[in-house]
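We did not get these values from a lab; they are worked out from the coordinates using the rules stated. Small disclaimer: the values here were computed from a predicted structure and weren't measured. Quick reminder, even Gly has a Cβ in these numbers, built from the backbone with ideal geometry, and neighbours come from all protein chains shown.
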Amino acid sequence: MPANLPAEAKAKWLRVMEARTPQEKLEALKDFLSSVPKHKGTAKLRAQIRHKIAVLRREIEERKRKRGKRGPKFFIRKSGMAQAVLVGLTNSGKSTLLKYLTNANPSIAERPFETKLPIPGMLQYGDLSIQLVEAPALIEGASKGAMWGLQVLTLAKNADVIILVIDLSYDPLYQLKVIVSELSDAGILLSPKKFEVRVERRRGCGITILGLDPMECKKLGNLLNDLGISDVIVKVSGEASAEDVVNAILGYQHKPALVLATKYDVSRDNFNKLEGACRELRLKAYPFSPQIPRENLKRELCRAIMKALNLILVYVKTPGSTPIPVTLNEGSIVLDLIEKVLGNRILGEVKYVKVWSNRFKFNPQKLGLKSPLGDGDLVEIAI
């Protein structure tokens with residue numbers, strides 16, 4: 001341990017040494033890490049502590065999973081174009097939102113912890129269908145196994161998008177802090193993943209890093225050395241920092257997220273405070289109250305979820321048939337659509353592809369397999 005650590009950090013390290021159980025050690029390590037200053041001299045120590053935290057967390061989750069196999073099932077099979085889980089503290093308005101936006105009919109009551117199992121519902125707007133899942137209330141200590149905390153956090157890990165539900169009738173910053181903290185402690189980072197990491201083990205190759213700029217590459221090499229990782233080829237595609245790559249290797253998950261603020265009619269001042277805090281976390285906050293027309297909220301929420309997932313909606317048909325909606329990743333080309341809908345075996349039988357799009361001055365246009373597609377495009381595939 002570096003000698004130049006502040007007294008607070010040294011005192012917290014003693015708690016780490018005194019911890020007797022894996023859970024106590026995990027909490028002590030997280031507390032210690034929060035007190036270690038971020039600078040070049042502590043980079044190695046911080047990397048080592050993050051590694052220990054990740055290992056301990058996996059061990060604890062595995063034990064909880066084995067013990068919890070006899071309990072109620074929290075798994076919800078995905079349906080629709082995407083699955084979004086509603087996460088919030090008790091009485092934050094999750095049930096009201098689910099009932100307002102979907103076909104679900106959850107029990108709504110003022111008593112706390114009314115929802116004890118996840119409840120799915122389907123959000124429909126136009127041709128978009130997104131599954132919303134109300135999770136039981138999150139509480140402080142959820143990541144440590146309090147109540148059904150670990151099951152709720154597993155729901156969040158399995159979902160495509162996380163929607164943080166905040167009640168504006170009382171301190172929104174406290175609620176935001178608790179939810180973000182519990183998710184983070186469970187290894188969930190609330191930001192869209194703009195990169196992919198592949199790690200290949202190859203004896204005698206040292207550390208080879210591909211896809212990062214030279215400065216981040218050097219940082220990553222040092223961090224991997226500090227973690228005792230060698231003989232690997234790390235391939236990075238997309239925008240990522242050295243710390244992003246380390247987090248990915250240690251098992252942290254990036255999840256796109258947005259915030260829904262209930263009881264907007266009660267306190268707009270609290271919404272303004274929440275909006276400011278969300279901007280710092282690069283999250284977008286949306287207000288909700290019964291005064292907001294249902295269809296308007298559905299439209300905004302569907303668009304926000306599609307944007308968070310980098311998805312577009314296109315329509316595909318064969319000559320004379322009715323178009324069907326299909327979701328694709330942003331940046332997809334005609335070939336991607338054909339492979340998704342028809343499979344790659346049919347490629348040689350495609351005669352032509354016509355596309356109608358508001359991007360074109362004249363419609364339709366015949367396009368090649370490598371032509372890009374946009375949101376709302378209508379694609380006719382002749383076979």
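Couple of notes before you dig in:
- Annotation: the antiparallel percentage among DSSP beta bridges lying fully within the chain is about 50.
- Summing charges over neighbours of Gly374, with a neighbour being any other residue whose Cβ is under 12 Å away from its Cβ, gives -2 when K and R count +1 and D and E count -1.
- Among Val85, Val16, Val161, residue whose mean-square fluctuation peaks in a GNM of the chain (springs only between Cα atoms under 10 Å): Val16
- Taking 4 °C and 1.567 mPa s as conditions, the stretch 7-70 diffuses translationally at an estimated 103 µm²/s according to Stokes-Einstein applied to its Kirkwood radius (Cα pairs).
- Rounded to the nearest 20 debye, the dipole size of the chain about its Cα centre is 940 debye, using +1 on the Cβ of Lys and Arg and -1 on the Cβ of Asp and Glu.
- Cα-Cα separations in the chain greater than 29 Å, expressed as whole percent: 54 percent
- Relative contact order [Cα under 8 Å, 6+ residues apart], the chain, whole percent: 13 percent
- Relative contact order computed over the stretch 309-361 (Cα-Cα under 8 Å; 6+ residues apart), in percent: 23 percent
- Taking Ala82, Ala146, Ala261 in turn, the Gaussian network model of the chain (Cα-Cα springs below 10 Å) assigns the largest fluctuation to Ala146.
- Partner lysines whose Cα lies under 21 Å from the Cα of Lys219, excluding those fewer than 8 positions away in the same chain, are identified as Lys38, Lys40, Lys44, Lys52, Lys193, Lys194, Lys235.
- Electrostatic bookkeeping for Asp171 treats Lys and Arg as +1 and Asp and Glu as -1; over the other residues with beta carbon under 14 Å from its beta carbon, the sum is 0.
- Projected-area average for the stretch 311-382 over all orientations - Cα convex hull basis, square nanometres: 4.3 nm²
- Based on the convex hull around the alpha carbon atoms, the stretch 128-221 presents an average projected area of 10.1 nm².
- Among the helices of the chain, those built from whole DSSP H runs whose Cα atoms reach 15 Å or more along their own axis and whose mean Kyte-Doolittle hydropathy is at least 0.0 are 172-185.
- Candidate lysines for bridging to Lys370, where Cα separation is under 22 Å - those fewer than 8 sequence places away on the same chain excluded: Lys317, Lys340, Lys351, Lys354, Lys361
- Taking Cα centre as origin and charging only the Cβ of basic (Lys, Arg, +1) and acidic (Asp, Glu, -1) residues, the dipole magnitude of the stretch 195-250 rounds to 320 debye.
- Cα pair distances in the stretch 32-132, grouped into 10 Å bins until the bin that holds the longest one, percent each: 12, 27, 23, 22, 15, 1
- Highest-fluctuation residue, Leu26, Leu281, Leu173 considered, GNM on the chain with Cα pairs under 10 Å: Leu281
- Summed side-chain charge close to His254 - residues other than His254 whose Cβ falls under 10 Å, Lys, Arg +1, Asp, Glu -1: +2
- Within the stretch 309-376, chymotrypsin sites (Phe, Trp or Tyr not before Pro) in DSSP loop having at most 14 other beta-carbon neighbours inside 10 Å: Phe360, Phe362
- Sequence-distant contacts, meaning Cα pairs under 8 Å at least 6 residues apart, place the relative contact order of the stretch 7-70 at 30 percent.
- Taking 25 Å as the straight-line reach from the Cα of Lys94, the lysines in range (excluding those fewer than 8 positions away in the same chain) are Lys73, Lys78, Lys116, Lys144, Lys157, Lys177, Lys255, Lys263, Lys273, Lys284, Lys298, Lys307.
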